Amino acid sequence: MRSLPRFSFTLSLALVSGLALLMQPSAAAAQQDAQPQAEPLLTGSAAMGDWAADRPGLRRKLGVADLPAPYATPSAGNSPSVVKAPRGALPKVPPGFSVDIFLTGLAGPRLMRRAPNGDIFLAESEGDRIRVIRSTDGAAKPDRVETFAKDLLAPFGIAFYPPGPDPQWVYVATTESVLRYPYVAGDLVARGRAELVVNLPISEGGHWTRDIVFSPDGKRMYVSVGSQSNVAREMEPQSKAEQAKFEAAHAPGAAWGDEENRADVLVFEPQGAKLGVFATGLRNCVGLALHPESHDLWCSTNERDGLGDDLPPDYVTRVREGGFYGWPWYYLGANQDPRHKGERPDLASKVIVPDVLVQAHSAPLAMTFYDPGQAGPAAFPKEYEGDAFVALHGSWNRARRTGYKVVRLKLDHGVPRGEYQDFLTGFVINGASVWGRPVGVVVAHDGALIVSEDGNGTLWRVAWHGPR
């Protein structure tokens, strides 16, 4: 059994400055219904600010032309101190929405997926278990919380198979394998022992999350696997002959050694037979999702560290089959990482530029789409249908803190506009301390958006209360 880097959070009860920025004038769960603010679009260097400018409705759009040179600023070591939530503090949401605590006391709550019957399955990664959360439509708190499976090695990805209204299995991705449990709609506890689907053919260590989704026809299982290292500095160069031999048997842009089958989206049959590598060069594709209309596969990716405060941006993108996204040699097109200067010139023209660039070091984790036709007492306005929500865990490799929020990606029938918009903000107290680190997002049966954050082990519920 391989060892896993555990989660550590520095809790401080000391009074911290900036507390007034977090306090809401109303009681917990009060509707935030102030007059709507304008929605400015920040571009270029203006879009590379920090947490102090964050607020619901603010939009950012970054482009490749906006990128600074490598090492324009020093590489920062600026991990946050995670403190308890200040008394009375609430995250901030757009006008017409309310936000309230849904569930507390969790151990590393991360990715969530909704079963067809409405139950929410939660990967409680630090607790090495999968929880099932059941609630009545419109309820502010769950009716039941049960442990579906336990004694897992850092579970993260969850998927139901076959796709559709009557799945027979719950698939769970741990850091080293994919398992599945027999399932009948309404099960709160696994009705049978786990079956091994596949031991992932990867090296130990490095990025540990694995997400899984199935193609709409149920014939493919996609598994995201992050890199073993930051930028593959230890990967031995290949001779031209070695490179030609390797490429004949691997996908374009594939890495080797300890990085083989890493920084990739892998594809398997649902029973575990490997079909190949779907896409390469995705340093750490943490969240996978299928768009409900276009059925495109999407990925939220953490880019590399060490090149400065604003380089390179993280991103959220449609993933093309056979596509190469640059890691470790390039980023965002033919921009070469100076740590691999002169290497792999044959790949420069093949690097795909992602769809939506996000401020560098924001750390996008899980993502979800708001389904068209979503109904229920908490359902969002129609303008949100088909859009994406992405949880930004927050920076450590940036002098000025960024992330620590949930953002909305506006799409037109599955086609991204290239911008993103702050939706849920307010977890940062000051330049040193935060009280929440968003990880997972899922749309509940009643239309509410549930957000997990692993800083204080909490789920938040965001509901619409404006005009219908």
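The values are calculated or read from the model by the stated rules, or taken from the named source; none is laboratory data. Remember, it's a predicted structure, so these values are computed and weren't measured experimentally. Quick reminder, even Gly has a Cβ in these numbers, built from the backbone with ideal geometry, and neighbours come from all protein chains shown.
In region 89-120, what residues are assigned to a loop (DSSP other than H, G, I, E, B) and more than 30 Å from V213 (Cβ to Cβ)? Lay out the reasoning, then the answer.
Taking region 89-120 and keeping what is assigned to a loop (DSSP other than H, G, I, E, B), we get 90-91, 93-96, 104-108, 115-119.
L90, P95, G96, listed by residue number.
For the subset of region 367-401 comprising residues that are touching a Pro at 6+ places or on another chain (Cβ under 6 Å) and charged (D, E, K, R), which member is farthest from S135 (Cα to Cα)?
For region 367-401, the residue satisfying everything is E385.
Enumerate the pairs (first residue in region 167-186 and closer than 13 Å to F214 by Cα; second residue anywhere and among the basic types (K, R) and crowded, with 18+ Cβ neighbours inside 10 Å) with beta-carbon separation below 6 Å, excluding pairs fewer than 6 apart on the same chain, so at least 6 apart or on different chains.
W169/R180; Y171/R180; A173/R210
Of all the strands (runs of 3 or more DSSP E) wholly in region 177-267, which have at least 2 residues that are surrounded by fewer than 20 Cβ atoms within 10 Å (Cβ to Cβ)?
Numbers: elements: 177-182, 195-199, 210-214, 221-225.
Passing ranges, in order: 177-182, 195-199.
Counting only residues that are of a type in the set (D, E, K, R) and modelled with pLDDT of 95 or more, which one in region 83-117 is surrounded by the fewest Cβ atoms within 10 Å (Cβ to Cβ)?
At the first step, the residues of region 83-117 found to be of a type in the set (D, E, K, R) are 84, 87, 92, 100, 110, 113-114.
Retained after the next criterion (residues that are modelled with pLDDT of 95 or more): 84, 92, 100, 110, 113-114.
On the way: K84: 12, K92: 22, D100: 18, R110: 27, R113: 24, R114: 19.
By that ranking, first place goes to K84.
Across region 311-324, what is the total count of residues that are assigned to a loop (DSSP other than H, G, I, E, B), of a type outside the set (A, V, I, L, M, F, W, C) and touching a residue at least 60 places away in the same chain (Cβ under 8 Å)? Quick ask: steps written out before the conclusion?
Step one: of region 311-324, the residues assigned to a loop (DSSP other than H, G, I, E, B) are 311-313, 319-322.
Right, trim to of a type outside the set (A, V, I, L, M, F, W, C) and you get 312-313, 320-322.
Now restrict to residues that are touching a residue at least 60 places away in the same chain (Cβ under 8 Å): 312-313, 322.
Of the residues in region 311-324, 3 are assigned to a loop (DSSP other than H, G, I, E, B), of a type outside the set (A, V, I, L, M, F, W, C) and touching a residue at least 60 places away in the same chain (Cβ under 8 Å).
Considering only residues that are over 18 Å from V434 (Cβ atoms), in contact with a strand residue (DSSP E or B) (Cβ under 9 Å, 6 or more places away or on another chain), at pLDDT 95 or above and not small (G, A, S), which ones fall in region 359-382?
M367, T368, F369, Y370, P377, F380, P381 - these are the residues of region 359-382 that are over 18 Å from V434 (Cβ atoms), in contact with a strand residue (DSSP E or B) (Cβ under 9 Å, 6 or more places away or on another chain), at pLDDT 95 or above and not small (G, A, S).
Quick one: G218 ticks every box in (1) at negative phi; (2) of a type outside the set (K, R); (3) in contact with a Phe, Trp or Tyr (Cβ under 7 Å, 6 or more places away or on another chain) bar one, so which box is it?
Every listed condition holds for G218 apart from (1).
Can you say whether A375 is touching a residue at least 40 places away in the same chain (Cβ under 8 Å) and either over 30 Å from D137 (Cβ atoms) or under 18 Å from the mean Cα position of the chain (by Cα) (or both), as far as the supplied structure shows? Steps first, answer last, please.
Details: touching a residue at least 40 places away in the same chain (Cβ under 8 Å): yes; either over 30 Å from D137 (Cβ atoms) or under 18 Å from the mean Cα position of the chain (by Cα) (or both): no.
It is false that A375 is touching a residue at least 40 places away in the same chain (Cβ under 8 Å) and either over 30 Å from D137 (Cβ atoms) or under 18 Å from the mean Cα position of the chain (by Cα) (or both).
When you go through (1) closer than 24 Å to E321 by Cβ; (2) touching a residue at least 60 places away in the same chain (Cβ under 8 Å) one by one for R220, which number turns out not to apply?
(2)
Could you check region 71-82 and list, in sequence order, the residues that are out of contact with any Phe, Trp or Tyr (no Cβ under 6 Å at 6 or more places or on another chain) and either modelled with pLDDT under 95 or part of a strand (DSSP E or B) (or both)?
S81
Give the residues of region 325-375 that are of a type in the set (S, T, Y) and over 30 Å from G386 (Cα atoms), sorted by residue number. Break it down into steps so the answer makes sense when it comes.
Taking region 325-375 and keeping what is of a type in the set (S, T, Y), we get 325, 330-331, 349, 362, 368, 370.
Y330, S349 - these are the residues of region 325-375 that are of a type in the set (S, T, Y) and over 30 Å from G386 (Cα atoms).
Kindly list the number of the only condition in (1) closer than 30 Å to V132 by Cβ; (2) not in a strand (DSSP E or B) that fails for P86.
Of (1) closer than 30 Å to V132 by Cβ; (2) not in a strand (DSSP E or B), only one is false for P86: (1).
Out of F121, F148, which single residue is touching a residue at least 24 places away in the same chain (Cβ under 8 Å), surrounded by 18 or more Cβ atoms within 10 Å (Cβ to Cβ) and either more than 22 Å from A375 (Cα to Cα) or among the acidic types (D, E) (or both)?
Working: F121 fails: either more than 22 Å from A375 (Cα to Cα) or among the acidic types (D, E) (or both).
After applying the criteria, what remains is F148.
What is the residue count in region 194-217 for residues that are within 19 Å of the chain's Cα centre (by Cα) and under 24 Å from G108 (Cβ atoms)?
8
Please identify the pairs in which a residue from region 30-53 that is closer than 21 Å to L67 by Cβ and part of a loop (DSSP other than H, G, I, E, B) has its Cβ atom under 6 Å from the Cβ atom of a residue that is modelled with pLDDT of 95 or more and of a type outside the set (K, R), counting only partners at least 6 apart or on another chain.
So the pair list comes out as D50/T402.
So I120 passes all but one of these: (1) modelled with pLDDT under 95; (2) within 19 Å of the chain's Cα centre (by Cα). Which condition number does it fail?
(1)
Go through region 260-297 and give me each residue that's at positive phi and in contact with a strand residue (DSSP E or B) (Cβ under 9 Å, 6 or more places away or on another chain). Break it down stepwise before answering.
To start, the set of residues in region 260-297 that are at positive phi comprises 261, 263, 272, 276, 281, 295.
Once the filter is applied, which keeps residues that are at positive phi and in contact with a strand residue (DSSP E or B) (Cβ under 9 Å, 6 or more places away or on another chain), region 260-297 yields N261, A263, G272, G276, G281.
Give the residues of region 126-146 that are touching a Phe, Trp or Tyr at 6+ places or on another chain (Cβ under 9 Å), outside any strand (DSSP E or B) and of a type in the set (A, V, I, L, M, F, W, C), sorted by residue number. First the steps, then the outcome.
So the first thing to find is which residues in region 126-146 are touching a Phe, Trp or Tyr at 6+ places or on another chain (Cβ under 9 Å), and the list is 126, 129-133, 135, 140-142.
From what is left, the residues that are outside any strand (DSSP E or B) are 126, 135, 140-142.
Selection gives A140 alone.
Out of (1) under 27 Å from I101 (Cα atoms); (2) out of contact with any helix residue (DSSP H, G or I) (no Cβ under 6 Å at 6 or more places or on another chain); (3) part of a loop (DSSP other than H, G, I, E, B), what's the single condition that is false for V172?
Status for V172: all satisfied but (3).
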